[in-house]
């Protein structure tokens, strides 16, 4: 139960920061797909790097362990992400 509460708190904080910076606005997302405004990409890559660094520090301290991921999940995630991204770009969102 504690994991769910922690995930809810962290997700809410991330969503709040996305909204506070203005990255939930339509023109920001559209301009990202048009390659005229890279603020969404910069924010997401910064969040990804911070999370990745934190996880590897926690792994080095022995606080978390990484499970092995089968190759079929990786291929499915790549194809699903590609399909989702193309769909968003084609619908104009």
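For the reader, a short list of remarks on this structure follows.
- Enumeration of residues in segment 53-87 that are loosely packed, with under 10 Cβ neighbours inside 10 Å and out of contact with any helix residue (DSSP H, G or I) (no Cβ under 8 Å at 6 or more places or on another chain): 60, 61, 62, 63, 67, 68, 69, 70, 71, 72, 73
Condition check ((1) within 25 Å of residue 66 (Cβ to Cβ); (2) surrounded by 12 or more Cβ atoms within 10 Å (Cβ to Cβ)) across all residues:
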site: 26; (1), (2): no, no
site: 39; (1), (2): no, yes
site: 48; (1), (2): yes, no
site: 51; (1), (2): yes, yes
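- Segment 9-26 residues that are on the phi > 0 side of the Ramachandran plot, paired with ones that are surrounded by 10 or more Cβ atoms within 10 Å (Cβ to Cβ) and at pLDDT below 90 (beta carbon under 7 Å, 6 or more apart): 22/28
- First in segment 71-93 and on the phi < 0 side of the Ramachandran plot, second anywhere and surrounded by 10 or more Cβ atoms within 10 Å (Cβ to Cβ), Cβ under 8 Å, 6 or more apart: 88/33; 89/33; 93/29; 93/30
- Test set (1) part of a helix (DSSP H, G or I); (2) under 21 Å from residue 86 (Cβ atoms); (3) more than 16 Å from the chain's Cα centre (by Cα) - residue 20 fails condition number: (2)
The values are calculated or read from the model by the stated rules, or taken from the named source; none is laboratory data. Remember, predicted model here, so these are calculated numbers, not experimental data. Methodologically, a virtual Cβ is constructed for each residue, glycine included, from the backbone with ideal geometry; neighbour enumeration extends over all protein chains shown.
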